[in-house]
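Following: one structure in structure tokens, then a few remarks.
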Amino acid sequence: MSQSLVTAVRIDVPDEILVGGRWRTGAGPVLEPVDPATGEVLARIHGASTADVEEAVAAGERAAADPAWRDLLPHQRARYLHRIAELIDANAEQLAGLQTANTGKTLTETRALVASAAGTFRFFAAALETHESALTPSRGEYLTMRVHDPIGVVGAITPWNSPIASDAQKVAPALAAGNAVLLKPARWTPLVALAVGRLATEAGLPAGLLSVLPGSGSEVGDAIVRHPGVGKVSFTGGTETGRTIGRYAAEKIMPVTLELGGKSPTIVFPDADVDHAVAGVLFGIFSSSGQSCIAGSRVFVHESIYDTFVPRLVEATQRLRVGPGTEPGTQVGPLVTVSHRDQVARMVDTARAEGGRVLCGGEVPDDPELARGSYYLPTVIDGLPNSARTSQEEIFGPVAVVLPFTDEDDLVVAANDTVYGLACGIWTADYRRAWRVGRAIQAGTVWVNTYKQLSVSTPFSGTKESGIGIEKGRQGILSYSRQKSIYFGLNERPLPWAGIG
């Protein structure tokens, strides 16, 4: 990364957070987000405290209940979402550069994520304008309707790996449904969420409807989840944290959406187009430096093509360009922090101890130009059973485990033999097989002859320990709403039970 960009980012980030409609210094500990490509501190920001959460909840309750917001017609509320989308587009390069600086992602990826965030606000604005209540079939002398009300104040806790897209996927539908939102970005990557908060303020969103509260999960996240005034939490992150949120939610009888971990299988059948399959497997596991919940980290290859496919995969992996996200040719950027890179390296060492063979990668690059960053080479491992720890645990880094298979039924059993159920990729020319296997795999999303293609119009969910609830799609608005039934009596005579008339 050029020094000029680092300096610009540092200067352009004031020590302020958004609390209940006011930009001010947070009362929590100082956060020092780092550029993973250089190790340089980008900014010093006081994060939120539990007192800041209290203030944000109180302001959110007032803002959500204010008739000026509560009574807006859907198309009027949608205008705010459209304005935010327009401002994201107008500031796209700045937002992409900010996210690259804070996460290490390539500019190609962060530009796409910014465009996705703008598209998400537009989609939910359109969905809101066309959102309908429903007349339900009458079963008596009454007219019945199904309508949906706002929850009130909701918490949106987002991860560090794709902040702006994750922020939009929670904030946009929650606002569309009429709620106030407490957005807590990850403590490592708060910068782009704060930037989006400023754009929402510029868009004229009424004060109190959005607070941006960076800080630790153990303090700020915990305060949001446990606060009695927060009526729902949507969380994307690790499974263990999701369990904790689920326990608190059970005590409060509060709905949650949890998008958690994954150890997704990618399956290559003998009739697959090899060029497409190799490219798809590479993209599925090594884009975002493997820091993706839907990464295709278990690669099942039919034994009849295993000895030809795996060398091609390894050769292609070795050709991937590792470097700073600001370099135009970079395909694999640094991991988010040095500590996370070291954790990934320990998992690869575990694979070696389990008897796995590291076919490529498996180490920090020796390029002196990359020495200050948190880089790790794209890694392919084979020789492990599906039961190995490395085959079962989410590594969240550029590490693929390759496993041979022979029988389709046994393959399905092995692919499903995991606590996770988030995604799956299938590479085959046989659409009947793709349908059969795709339906048998326990996953929220199945890709056939492609991978990691996502649309805001298509619902996204997980099974098993990969989470509960739905994000995206028209159902996204409903997930931030309370369902209500309304009955209109049509009977001409009093109800007979009372014996009147």
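The values are calculated or read from the model by the stated rules, or taken from the named source; none is laboratory data. All values reported here derive from a predicted model rather than from experimental measurement. Cβ: placed from backbone, ideal geometry, glycine included. Neighbour counts: every protein chain shown.
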Check: Any idea which of Ser304, Ser289 is outside any loop (DSSP other than H, G, I, E, B), of a type in the set (S, T, N, Q) and surrounded by 24 or more Cβ atoms within 10 Å (Cβ to Cβ)?
Finding: Ser289
Next item on the list: For the range 151-228, please list each of the strands (runs of 3 or more DSSP E) lying entirely inside it that holds at least 2 residues being of a type in the set (Gly, Ala, Ser) and touching a helix residue (DSSP H, G or I) at 6+ places or on another chain (Cβ under 7 Å).
Entry: 153-157
Notebook entry, point to check: Which residues, counting only those in the range 233-284, are of a type in the set (Phe, Trp, Tyr), crowded, with 20+ Cβ neighbours inside 10 Å and either farther than 30 Å from Ser304 by Cα or within 20 Å of the chain's Cα centre (by Cα) (or both)?
Noted result: Phe235
Note to self: Here's a check for you: in the range 460-501, which residue that is assigned to a helix (DSSP H, G or I) and in the same structural domain as Val181 (by TED's automatic domain parsing) is farthest from the chain's Cα centre (by Cα)?
What the structure shows: Leu478
Margin query: Given (1) touching a strand residue (DSSP E or B) at 6+ places or on another chain (Cβ under 8 Å); (2) among the basic types (Lys, Arg); (3) buried (at least 19 other Cβ atoms within 10 Å of the Cβ), identify the lone condition not met by Arg70.
Written below: (3)
Item checked: the range 225-266, residues that are touching an Asp or Glu at 6+ places or on another chain (Cβ under 8 Å) and charged (D, E, K, R) -> Glu259, Lys263
Next item on the list: Determine if the range 123-133 includes at least one residue that is out of contact with any helix residue (DSSP H, G or I) (no Cβ under 9 Å at 6 or more places or on another chain) and either of a type in the set (Ser, Thr, Tyr) or at pLDDT below 95 (or both).
Entry: yes
Notebook entry, point to check: Can you pull out the helices (runs of 4 or more DSSP H) entirely within the range 1-111 that have at least 3 residues that are at pLDDT below 95 and β-branched (Val, Ile, Thr)?
Noted result: 3-11
Check: Taking Ala92, is it in contact with a Lys or Arg (Cβ under 6 Å, 6 or more places away or on another chain) and closer than 24 Å to Gln453 by Cα?
Finding: no
Item checked: Identity of the residue in the range 23-37, charged (D, E, K, R) and either buried (at least 24 other Cβ atoms within 10 Å of the Cβ) or touching a residue at least 12 places away in the same chain (Cβ under 8 Å) (or both), that ends up farthest from Leu205 (Cα to Cα) -> Asp35
Notebook entry, point to check: Out of Thr120, Thr110, which single residue is in the same structural domain as Ala63 (by TED's automatic domain parsing), under 25 Å from Gly325 (Cβ atoms), crowded, with 18+ Cβ neighbours inside 10 Å and touching a Ser or Thr at 6+ places or on another chain (Cβ under 9 Å)?
Noted result: Thr110
Notebook entry, point to check: Among the residues of the range 190-205, is there at least one that is crowded, with 24+ Cβ neighbours inside 10 Å and touching a Gly at 6+ places or on another chain (Cβ under 6 Å)?
Noted result: no
